[in-house]
Amino acid sequence: MKRLTANNKNTEILKRMGVLLVCGLTSAISLNYFLIPAKVLSAGMNGIAQIIVALGLEHFDLHLNTGLFIFILNIPIFALGFWKLGKDATFWSFLNVVAISLITMIFPQGELTENILMNSLMGGVFLGIGAGLALKMGFTTGGMDILSLVLSKTTGKTVGNFMFILNGLIVLVAGFIFSWESALYTIISIYVMSYVVDMIHTSHQKLTAMIITTKPDQVGRSISQRVFRGMTLLPSVGGYSGVEGKTIMIVITRYELYDLEQAILEADEHAFVNILPTQSILGRFATEDEQRTFKATGVFPEMKVRKGKR
């Protein structure tokens with residue numbers, strides 16, 4: 001079992017490294033072949049880096065590198081992330097930004113088409129592929145994502161609200177610096193990117209996992225160490241083998257599916273898992289903040305209050 005666990009961890013690291021490479025390549029293709037030639041801005045820090053490079057070229061005749069400024073702009077953001085969100089939440093995101101910056105700097109620039117609409121669409125598609133895969137593996141593309149998470153944690157408002165506001169400011173800047181036509185195409189690119197991200201990974205989608213195992217205790221412990229959700233155990237008997245076991249039912253978000261799969265595999269490689277889409281939920285379902293509290297203290301906030309009243 002120890003060897004299996006070590007192999008799973010090594011496989012997980014290799015998968016994440018592969019996603020880092022893919023995310024860097026797709027971002028470099030999007031910026032260097034579609035968005036930059038068309039003067040269409042990307043979302044987040046990539047867009048701000050494009051603005052700085054464009055201003056340097058227009059007013060000071062400086063030929064700056066977009067990838068380099070993506071990295072520079074993300075340094076204070078990640079410092080804030082390490083302080084507010086913790087090391088684990090930002091480590092892989094930082095590596096992802098490093099990969100995006102380096103590959104964008106190395107990757108040559110070119111222009112495949114002069115059609116600004118096609119550049120906006122394809123630029124958004126390639127950015128969405130990389131960002132969606134990164135989110136599916138449990139990390140982000142840095143920049144505005146981390147800043148939005150920090151602001152959400154500080155103010156209690158949703159992450160989506162801050163991402164909309166911050167990217168909206170980029171669109172306004174695009175209108176003033178380039179043209180309002182470029183700003184409109186920037187909106188199209190950001191929308192396409194968001195749509196592709198949702199196709200690959202949607203954290204608000206709920207899933208129900210039915211896990212049939214003969215090692216319910218080990219599987220339950222393994223899941224609880226990775227995924228902070230309640231579980232229901234149901235008795236079950238194999239129709240063919242006649243072996244008695246348990247069926248673990250758990251409702252998760254799609255964002256947590258990867259961690260759930262790894263937890264099950266580490267505890268019982270022979271477990272049978274059925275993943276079902278869940279339309280709606282009534283009752284207790286922990287938010288991200290409540291999960292973080294539970295991870296730190298072992299007690300959900302409302303349960304802690306009830307315990308204090310006794």
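The values are calculated or read from the model by the stated rules, or taken from the named source; none is laboratory data. This one's a predicted model, so the numbers in the text were calculated from it and none came from an experiment. So basically every Cβ, Gly included, is an ideal-geometry build from the backbone, and we count neighbours across all protein chains shown.
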Going through region 93-113 in order, the residues found to be polar (S, T, N, Q), assigned to a helix (DSSP H, G or I) and either at pLDDT below 90 or surrounded by fewer than 17 Cβ atoms within 10 Å (Cβ to Cβ) (or both) are Ser93, Asn96
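Can you tell me which residues in region 165-188 are of a type in the set (Phe, Trp, Tyr) and either assigned to a helix (DSSP H, G or I) or over 17 Å from Lys39 (Cβ atoms) (or both)?
Going residue by residue through region 165-188, those that are of a type in the set (Phe, Trp, Tyr) are 176, 178, 180, 185.
Selection gives Phe176, Trp180, Tyr185.
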Going through region 189-220 in order, the residues found to be surrounded by fewer than 18 Cβ atoms within 10 Å (Cβ to Cβ), part of a helix (DSSP H, G or I) and more than 16 Å from the chain's Cα centre (by Cα) are Tyr191, Asp217, Gln218
Every listed condition ((1) within 23 Å of the chain's Cα centre (by Cα); (2) at pLDDT below 85; (3) farther than 19 Å from Val98 by Cα; (4) not charged (D, E, K, R)) holds for His63 save (1)
Among the residues of region 235-245, are any in contact with a helix residue (DSSP H, G or I) (Cβ under 8 Å, 6 or more places away or on another chain), within 23 Å of Pro277 (Cα to Cα) and not in a loop (DSSP other than H, G, I, E, B)?
no
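Here's the yes/no breakdown for (1) loosely packed, with under 15 Cβ neighbours inside 10 Å; (2) aromatic (Phe, Trp, Tyr); (3) more than 21 Å from Cys23 (Cα to Cα):
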residue: Lys39; (1), (2), (3): no, no, yes
residue: Gly56; (1), (2), (3): yes, no, yes
residue: Leu68; (1), (2), (3): no, no, no
residue: Ile72; (1), (2), (3): yes, no, no
residue: Phe78; (1), (2), (3): no, yes, no
residue: Trp83; (1), (2), (3): yes, yes, yes
residue: Phe91; (1), (2), (3): yes, yes, no
- Does Val237 meet the test of being loosely packed, with under 13 Cβ neighbours inside 10 Å, free of Cβ contacts under 8 Å to residues at least 12 places away in the same chain and touching a strand residue (DSSP E or B) at 6+ places or on another chain (Cβ under 8 Å)? yes
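Of the residues that make up region 140-158, is at least one of a type outside the set (A, V, I, L, M, F, W, C), part of a helix (DSSP H, G or I), at pLDDT 90 or above and over 22 Å from Arg254 (Cβ atoms)? Let's see the steps before the verdict.
Step one: list which residues in region 140-158 are of a type outside the set (A, V, I, L, M, F, W, C), which gives 140-143, 145, 148, 152-158.
Retained after the next criterion (residues that are part of a helix (DSSP H, G or I)): 145, 148, 152-155.
When the remaining residues are screened for being at pLDDT 90 or above, the result is none.
Scanning region 140-158, I find no residue that is of a type outside the set (A, V, I, L, M, F, W, C), part of a helix (DSSP H, G or I), at pLDDT 90 or above and over 22 Å from Arg254 (Cβ atoms), so the answer is no.
Would you check which residues across region 64-99 are aliphatic (A, V, I, L, M) and within 19 Å of Ile13 (Cβ to Cβ) and list them?
Ala89, Leu95, Val97, Val98, Ala99
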